[in-house]
1. Out of the residues in region 72-99 meeting the condition of being within 10 Å of the chain's Cα centre (by Cα) and touching a residue at least 40 places away in the same chain (Cβ under 8 Å), tell me which one is most open to solvent (accessible area, probe 1.4 Å).
2. Of all the residues that make up region 39-48, how many are open to solvent by 30 Å² or more (accessible area, probe 1.4 Å) and in a helix (DSSP H, G or I)?
3. Is there any pair linking a residue in region 1-23 that is closer than 18 Å to PRO53 by Cβ to one that is among the aromatic types (Phe, Trp, Tyr) and open to solvent by less than 50 Å² (accessible area, probe 1.4 Å), with Cβ under 7 Å and at least six apart or on different chains, and which?
4. Can you name the number of the only condition in (1) assigned to a strand (DSSP E or B); (2) more than 23 Å from PRO94 (Cβ to Cβ); (3) of a type in the set (Gly, Ala, Ser) that SER56 fails?
5. When you scan region 53-71, do you find a residue that is under 24 Å from LEU144 (Cβ atoms), among the aliphatic types (A, V, I, L, M) and out of contact with any Asp or Glu (no Cβ under 9 Å at 6 or more places or on another chain), even just one?
6. Identify the single condition in (1) at pLDDT below 95; (2) of a type in the set (D, E, K, R); (3) surrounded by 13 or more Cβ atoms within 10 Å (Cβ to Cβ) that LYS22 does not satisfy, given that it satisfies every other one.
7. Would you please list the contacts, defined by Cβ atoms under 7 Å and residues six or more apart or on different chains, that run from a residue in region 114-132 that is closer than 15 Å to VAL73 by Cα and open to solvent by 60 Å² or more (accessible area, probe 1.4 Å) to a residue that is at pLDDT 85 or above and not small (Gly, Ala, Ser)?
8. Return yes when ILE36 is outside any strand (DSSP E or B) and open to solvent by less than 30 Å² (accessible area, probe 1.4 Å) and no when it is not.
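The values are calculated or read from the model by the stated rules, or taken from the named source; none is laboratory data. All values derive from a computational prediction rather than experimental measurement. Every residue, glycine as well, gets a Cβ built from its backbone with ideal geometry; the counts of neighbours run over all protein chains shown. These accessible areas exclude ligands, DNA and RNA; they are computed on the full protein's heavy atoms, side chains included. Shrake-Rupley method; radii C 1.70, N 1.55, O 1.52, S 1.80 Å.
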Amino acid sequence: FDAASFALVVSNPPYWLPTRGKVSPHPQVAIARHEICCTFADVAAAAAHVLMPGGSFCLVHRAPREKEILTTVQEHGLQPLRLRRVRPFADREPNLFLLEAIRTDAKTHKADGIGTNDPAAVTWIEEEPLTVYAAPGVYTAETLAAYAAKRN
């Protein structure tokens, strides 16, 4: 794809480093779950390449890699804008997070009026955690509403 040709990139990248967890014997599953054919840095670089300034990169990733992922997107000219952690139940720690980052202009670190000349000074919104289940097998009202919105 041409550089700066998309306003939105969505990714569900491989979650695990090849040295973490059990790698599936099925090649397609292994590639989908582990960074075998590409690293997250490759994904971030590709997103930054195809996004126009101000374009959004949205992804879901594993909570243990949050700090690394935030650092990597910033290293590729993508500024975190919104972060939302996802937990299975209200009394559990988040196991996933959702991130929206925007591509900034390389010289000003600005995108459509968002940002500053100092990328370290830009803060992002940390939304309240999303709780998926109210009880085992019972979705929360917010989860149900999200699914209902997809059907309309």
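1. Within region 72-99, the first condition is being within 10 Å of the chain's Cα centre (by Cα), and the residues that meet it are 73, 80, 82-84, 96-99.
Now restrict to residues that are touching a residue at least 40 places away in the same chain (Cβ under 8 Å): 80, 82-84, 98-99.
Values: PRO80: 0, ARG82: 103, LEU83: 2, ARG84: 45, LEU98: 69, LEU99: 7 Å².
By that ranking, first place goes to ARG82.
2. Residues that pass the stated criteria total 4.
3. The qualifying pairs are VAL9/PHE57.
4. Condition not satisfied by SER56: (2).
5. Yes, region 53-71 has at least one match.
6. For LYS22, the exception is condition (3).
7. TRP124/PRO80; TRP124/LEU81; TRP124/ARG82; TRP124/LEU83
8. Working: outside any strand (DSSP E or B): yes; open to solvent by less than 30 Å² (accessible area, probe 1.4 Å): no.
Criteria not met by ILE36.
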